[in-house]
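Here the structure comes first, spelled out in structure tokens, and everything after it is commentary.
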Amino acid sequence: MGDDVDMTVPELHAFEGYLRASGWRLEDRDARTSLWRATTGADAEPLVVVLPAQQEAGDYASVAEAAIRTVAYAERRLADEVRSDISFGGADSVAVRLTPDAPPGEAPLTLVRQAVTALHEFVVGSAAAMEVHDLVLPSHRPQWAESYAGRVRLSTHPGSFVLSLALPLVVDLSDAADDGQQVMFDLPPQPFGRRVSGRMLQAARSAQQLADEVLAGSKPLQAFGDDPAGPTGNATELAALKALGGPDYALYQLRFTQSPLAGKHAQPATLRVTPGQQRILGEAADFLRTRQPRSGVTVSGLVVRLHRAGAFGPGEVVVEGIDDDSGTTRRYRMELTEEDYNEAVRAHVRGLRVTVTGDREERGTHLQLRRLTSFSVIPGLEYEDNED
């Protein structure tokens, strides 16, 4: 995806700690330099890195920069990805290459804004998926997923237009003051950040494959909702993958690279997401959000229909209003107890709004709220009438 010169180099102790932890072997050290060799197979190209013995050396920046590029070559990564890895004490990378109709390194502001928002949603959706296995995330998304996204760094690069994320492998999500500066290199085999980046790759790759099957007619769009615990992505991830192409569904590429600091790591992977795939992914996200059962949905609106078999007992009502999940106006059927039904009659007669919370389900062309946990009439002018 291109590589640019960045003379911001890590501290010497951090650089050496990274080399040691990532498998480079210290072969020689004297008063002026240290020499490190990559631990590769016998038939591989021998690679060595030389660092000054003291950071105060006048040529430290240029020598360290050359060493970073050697490490990046050995690991098949970009130099900036290695820098982020050292800076964080372990970081995977996710980059998107946009293809706008603009000079290299430039992109329309609206496209960049949408892409940055989509990358944020992609990270949050995959982080939340570590524990929330629903195809549609709750309206109040897990705070720890948002907190993790807040520790991810964004950078830009030329060639067409590249946005890169550095995902820290280990962060203390309970410490709001943590700024991500933790050079430690002693990582567990599957830290949280590795699980997030791995989920992002798995979701993108699986969703892309299923989108191709839908485009070919071998599977229906509904297949995206067949397995809630499956790898094809939740609605947040699918919507993000669609949005990265912008409003015109422009072709884009995703590149995933993993740090060697957290045990076994996959080789860099690049995906091309086509306009047709983006369209299917967007439709799949909409399908999941409108068709999947949701728990704890609150609807606020007007009672537009009432029905019960007799003068007493429970009854069925229809409320037209906006739910706190989709933000769109729909009609919802629900069964109410006798007491709540009488309150619904009063609200309908007086034109008052009601609020009701329950589990949203779709039955054919109708939305239903079931297993209600609350129903109430929003106070209105009738209280003023009662005071007269």
The stretch 95-120 residues that are within 10 Å of Ser160 (Cα to Cα) and loosely packed, with under 14 Cβ neighbours inside 10 Å, paired with ones that are aromatic (Phe, Trp, Tyr) and modelled with pLDDT of 90 or more (beta carbon under 9 Å, 6 or more apart): Ala102/Phe161; Pro104/Phe161; Glu106/Phe161
Within the stretch 129-141, the residues that are touching a Phe, Trp or Tyr at 6+ places or on another chain (Cβ under 9 Å) and either within 22 Å of Ser164 (Cβ to Cβ) or free of Cβ contacts under 8 Å to residues at least 12 places away in the same chain (or both) are Glu131
Of all residues in the stretch 338-378 being more than 21 Å from Pro138 (Cα to Cα) and among the hydroxyl-bearing types (Ser, Thr, Tyr), the one that is surrounded by the most Cβ atoms within 10 Å (Cβ to Cβ): Tyr341
What about Leu111, is it in contact with a Pro (Cβ under 6 Å, 6 or more places away or on another chain) and assigned to a loop (DSSP other than H, G, I, E, B)? no
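Can you work out which of the residues in the stretch 329-388 that are more than 19 Å from Leu288 (Cα to Cα) and of a type in the set (S, T, N, Q) is modelled with the lowest pLDDT? Please lay out each step first, then the result.
Taking the stretch 329-388 first, the residues more than 19 Å from Leu288 (Cα to Cα) are 333-357, 371-388.
Checking the rest, the ones that are also of a type in the set (S, T, N, Q) come to 337, 342, 355, 357, 373-374, 376, 386.
Working: Thr337: 95, Asn342: 96, Thr355: 96, Thr357: 94, Thr373: 94, Ser374: 95, Ser376: 96, Asn386: 48.
If we take residues in the stretch 329-388 being more than 19 Å from Leu288 (Cα to Cα) and of a type in the set (S, T, N, Q), then Asn386 is modelled with the lowest pLDDT.
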Tally of residues being touching a Phe, Trp or Tyr at 6+ places or on another chain (Cβ under 8 Å) and either modelled with pLDDT of 85 or more or over 24 Å from Pro189 (Cβ atoms) (or both) across the stretch 29-48: 5
Unmet criterion (only one of (1) outside the structural domain of His140 (by TED's automatic domain parsing); (2) within 18 Å of the chain's Cα centre (by Cα)) for Phe312: (2)
I need a count of the residues in the stretch 212-238 that are at negative phi, modelled with pLDDT of 90 or more, touching a Phe, Trp or Tyr at 6+ places or on another chain (Cβ under 9 Å) and not aromatic (Phe, Trp, Tyr). 6
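Within the stretch 282-319, restricting attention to residues that are among the hydrophobic types (A, V, I, L, M, F, W, C) and without any contact (Cβ under 8 Å) to a residue 12 or more places away in the chain, which residue is surrounded by the fewest Cβ atoms within 10 Å (Cβ to Cβ)?
The residue in question is Ala311.
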Would the stretch 5-28 turn up any residue that is modelled with pLDDT under 90, within 30 Å of Leu241 (Cβ to Cβ), in the same structural domain as Gln202 (by TED's automatic domain parsing) and of a type in the set (Asp, Glu)? no
What pairs come out if I take residues in the stretch 355-380 that are on the phi < 0 side of the Ramachandran plot and of a type in the set (S, T, N, Q) and pair them with residues that are modelled with pLDDT under 90 and loosely packed, with under 15 Cβ neighbours inside 10 Å whose C-beta lies under 8 Å away, six or more apart or interchain? Gln368/Glu362
Looking at the stretch 190-208 only, could you name the residues that are in a helix (DSSP H, G or I) and surrounded by fewer than 14 Cβ atoms within 10 Å (Cβ to Cβ)? none
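The values are calculated or read from the model by the stated rules, or taken from the named source; none is laboratory data. Just so it is clear, the model here is predicted, and its values are computed rather than measured. For neighbour counting, all protein chains shown are included, and Cβ atoms are generated from backbone atoms with ideal geometry for every residue, glycine included.
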